[in-house]
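The values are calculated or read from the model by the stated rules, or taken from the named source; none is laboratory data. Just so it is clear, the structure is predicted and the values come from calculations on it, not from any experiment. No Cβ is skipped: glycine too gets one built from the backbone with ideal geometry, and neighbour counts run over all protein chains shown.
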């Protein structure tokens with residue numbers, strides 16, 4: 001399925017966002033692996049809670065960062081689509 | 001001196017007890033008895049120290065980890081410590097109540113082993129009547145629970161032709177991942193090598209089967225090859241003492257599950273020292289860490305930080321000295337030891353894993 005601004009996403013079972021305080025970075029934990037996420041990704045994924053729509057995530061970030069909405073929106077949709085395709089997130 | 005990076009994952013071998021007797025078991029030949037096992041408080045301390053050090057994932061394994069009555073308590077604690085919890089099980093002791101308790105404890109993932117897709121093949125390897133039926137039942141319970149599941153198949157000469165059916169079973173049971181892992185030849189596997197090692201043709205056929213399945217999509221596939229047919233060694237454990245730590249049932253802390261064969265070194269134990277102290281400072285963990293220990297040819301090789309010199313236990317088992325080049329490497333003066341093994345794989349009887 002494709003992710004739109006109306007989609008509500010949550011982490012698929014067995015996947016979660018985690019701050020690694022020892023290494024000072026953010027990770028997504030997954031079956032038999034963990035991958036590092038950087039830049040805006042931890043902020044975006046921190047808002048994925050199974051309740052907010054993608055559009056509400058974009059609004060929240062637009063309020064927090066100085067970038068224009070369309071730039072933020074493109075980043076958010078790209079990341080969330082990619083992770084949904086990989087099975088990390090699900091609608 | 002700078003401290004080494006902390007380990008990413010911890011393999012907690014809660015017990016060596018197991019209802020199965022697979023002739024390629026990764027446990028050492030000298031199995032630890034129940035009376036030697038760490039108690040619950042000991043394992044709790046290990047988990048707390050691991051989380052504090054920066055371990056991210058804990059793999060509860062064995063033997064059969066479900067033989068430990070405190071498994072649910074340990075999973076609960078690990079989750080509370082924000083560790084990712086994986087259960088590596090044969091499934092033969094799993095029932096609906098136990099799975100429910102593990103589910104409530106927050107278990108993140110289950111890796112369920114199958115010895116084969118046919119009952120006959122599975123029972124010949126595992127040595128336990130009725131095991132296949134119990135495993136299928138366990139898989140259906142896990143599928144219904146929604147806990148993510150990986151099916152693990154160890155492959156060898158006798159079952160390698162059935163890899164396509166292994167993928168079929170994984171899809172039927174809605175497993176998200178499958179591991180097709182060729183037997184690795186240490187301990188029990190090495191003892192049974194001449195009955196297990198596949199031919200080059202069998203290896204090539206298995207690789208084709210994996211590639212064909214990958215092309216279909218929808219199933220994550222981990223594929224581990226037997227390094228005997230390779231000419232460059234594997235980066236065993238991602239390098240000695242770099243990413244991975246193994247704890248034996250009695251609390252010995254090891255860089256890999258086979259490391260207890262290394263001679264002339266004391267095996268540090270969590271009963272005596274902290275995990276961090278052992279990881280950072282013990283002689284065992286520093287013996288083959290990095291590139292300093294390497295033989296001349298390895299130190300000069302441009303792959304030294306790719307394969308980290310291959311496998312120390314293999315060097316020891318096949319050449320008598322753990323500091324020698326991994327004989328899998330075609331540049332090793334001992335490479336013929338591996339080549340010879342490829343022509344002696346004619347044995348048919350197994351030595352089963354028993355206490």
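Just to be sure, is residue B:91 in contact with a helix residue (DSSP H, G or I) (Cβ under 9 Å, 6 or more places away or on another chain), modelled with pLDDT of 95 or more and crowded, with 21+ Cβ neighbours inside 10 Å? Talk me through it step by step, then tell me what you get.
Details: in contact with a helix residue (DSSP H, G or I) (Cβ under 9 Å, 6 or more places away or on another chain): yes; modelled with pLDDT of 95 or more: yes; crowded, with 21+ Cβ neighbours inside 10 Å: yes.
Criteria met by residue B:91.
Restricting attention to segment B:3-37, which residues are away from every other protein chain (no Cβ under 14 Å) and touching a strand residue (DSSP E or B) at 6+ places or on another chain (Cβ under 8 Å)? It would help to see each step written out before you state the result.
Initially, segment B:3-37 is screened for residues away from every other protein chain (no Cβ under 14 Å), giving B:12-37.
Passing the criteria: B:12, B:13, B:14, B:22, B:24, B:27.
Given A:74, A:67, which one is in a helix (DSSP H, G or I) and more than 17 Å from residue B:79 (Cα to Cα)? Spell out the reasoning first.
Values: A:67 fails: in a helix (DSSP H, G or I).
After ruling out the rest, the residue left standing is A:74.
Rundown of residues vs (1) out of contact with any strand residue (DSSP E or B) (no Cβ under 7 Å at 6 or more places or on another chain); (2) assigned to a helix (DSSP H, G or I), yes/no style:
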position	(1), (2)
B:111	no, no
B:120	yes, yes
B:133	yes, yes
B:138	no, yes
B:144	yes, yes
B:174	yes, no
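Every residue, every condition in (1) buried (at least 16 other Cβ atoms within 10 Å of the Cβ); (2) in a loop (DSSP other than H, G, I, E, B), yes or no:
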position	(1), (2)
B:256	yes, yes
B:265	no, yes
B:272	no, yes
B:280	yes, no
B:290	yes, yes
B:294	yes, yes
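Can you tell me which residues in segment B:324-355 are in a loop (DSSP other than H, G, I, E, B), without any contact (Cβ under 8 Å) to a residue 24 or more places away in the chain and farther than 18 Å from residue B:235 by Cβ?
B:333, B:334, B:343
Considering only residues of segment A:9-23 that are part of a loop (DSSP other than H, G, I, E, B), more than 7 Å from chain B (Cβ to nearest Cβ) and in contact (Cβ under 8 Å) with a residue 12 or more places away in the chain, which is farthest from residue B:54 (Cα to Cα)?
In the first step, residues of segment A:9-23 are kept if they are part of a loop (DSSP other than H, G, I, E, B); the result is A:9, A:12-15, A:21-23.
This time we only want the ones that are more than 7 Å from chain B (Cβ to nearest Cβ), so: A:9, A:12, A:15, A:21.
Right, trim to in contact (Cβ under 8 Å) with a residue 12 or more places away in the chain and you get A:9, A:12, A:15.
Numbers: A:9: 29, A:12: 24, A:15: 18 Å.
So the residue we want is A:9.
Answer yes or no as to whether residue B:125 is within 14 Å of another protein chain (Cβ to nearest Cβ) and not in a loop (DSSP other than H, G, I, E, B).
no
Pull up segment B:38-63, narrow it to residues that are in a loop (DSSP other than H, G, I, E, B) and within 14 Å of chain A (Cβ to nearest Cβ), then point me to the one that is farthest from residue B:86 (Cα to Cα).
For segment B:38-63, the residue satisfying everything is B:54.
For the condition loosely packed, with under 15 Cβ neighbours inside 10 Å, in contact (Cβ under 8 Å) with a residue 40 or more places away in the chain and over 26 Å from residue B:86 (Cβ atoms), what is the one hit in B:200, B:208, B:193?
Values: B:208 fails: in contact (Cβ under 8 Å) with a residue 40 or more places away in the chain; B:193 fails: loosely packed, with under 15 Cβ neighbours inside 10 Å.
After ruling out the rest, the residue left standing is B:200.
Counting only residues that are buried (at least 19 other Cβ atoms within 10 Å of the Cβ) and out of contact with any helix residue (DSSP H, G or I) (no Cβ under 9 Å at 6 or more places or on another chain), which one in segment B:301-338 is nearest to residue B:288 (Cα to Cα)?
If we take residues in segment B:301-338 being buried (at least 19 other Cβ atoms within 10 Å of the Cβ) and out of contact with any helix residue (DSSP H, G or I) (no Cβ under 9 Å at 6 or more places or on another chain), then B:315 is nearest to residue B:288 (Cα to Cα).
When you look at residue A:4, is it in contact with a helix residue (DSSP H, G or I) (Cβ under 9 Å, 6 or more places away or on another chain), surrounded by 14 or more Cβ atoms within 10 Å (Cβ to Cβ) and more than 24 Å from residue B:54 (Cα to Cα), yes or no?
Values: in contact with a helix residue (DSSP H, G or I) (Cβ under 9 Å, 6 or more places away or on another chain): yes; surrounded by 14 or more Cβ atoms within 10 Å (Cβ to Cβ): no; more than 24 Å from residue B:54 (Cα to Cα): yes.
Taking the combined requirement at face value, the residue does not satisfy it.
Could you look through segment A:46-64, keep only residues that are within 10 Å of the chain's Cα centre (by Cα) and assigned to a loop (DSSP other than H, G, I, E, B), and pick out the one that is surrounded by the most Cβ atoms within 10 Å (Cβ to Cβ)? Give the steps one after another, and end with the answer.
Of all residues in segment A:46-64, those within 10 Å of the chain's Cα centre (by Cα) come to A:46-49, A:54, A:57.
Going one step further and asking which of them are assigned to a loop (DSSP other than H, G, I, E, B), we end up with A:46-49.
On the way: A:46: 13, A:47: 17, A:48: 20, A:49: 12.
The selected residue is A:48.
Residue-by-condition table, conditions (1) part of a helix (DSSP H, G or I); (2) modelled with pLDDT of 95 or more; (3) within 11 Å of the chain's Cα centre (by Cα); (4) within 13 Å of chain B (Cβ to nearest Cβ):
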{"residue": "A:2", "(1), (2), (3), (4)": "no, no, no, no"}
{"residue": "A:28", "(1), (2), (3), (4)": "no, yes, yes, yes"}
{"residue": "A:36", "(1), (2), (3), (4)": "no, yes, no, yes"}
{"residue": "A:44", "(1), (2), (3), (4)": "yes, yes, yes, no"}
{"residue": "A:78", "(1), (2), (3), (4)": "yes, yes, yes, no"}
{"residue": "A:81", "(1), (2), (3), (4)": "yes, yes, yes, no"}
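For every residue, the table says whether it meets (1) in contact with a strand residue (DSSP E or B) (Cβ under 9 Å, 6 or more places away or on another chain); (2) at pLDDT below 95; (3) within 14 Å of chain A (Cβ to nearest Cβ); (4) in a helix (DSSP H, G or I).
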position: B:102; (1), (2), (3), (4): yes, no, yes, yes
position: B:107; (1), (2), (3), (4): yes, no, yes, no
position: B:129; (1), (2), (3), (4): no, no, no, no
position: B:147; (1), (2), (3), (4): yes, no, yes, no
position: B:151; (1), (2), (3), (4): yes, no, yes, no
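Are any residues in segment B:181-220 under 16 Å from the mean Cα position of the chain (by Cα) and within 14 Å of chain A (Cβ to nearest Cβ), and if so, which ones? Outline the logic, then answer.
First, the residues of segment B:181-220 that are under 16 Å from the mean Cα position of the chain (by Cα): B:181-190.
B:181 - this is the single residue of segment B:181-220 that is under 16 Å from the mean Cα position of the chain (by Cα) and within 14 Å of chain A (Cβ to nearest Cβ).
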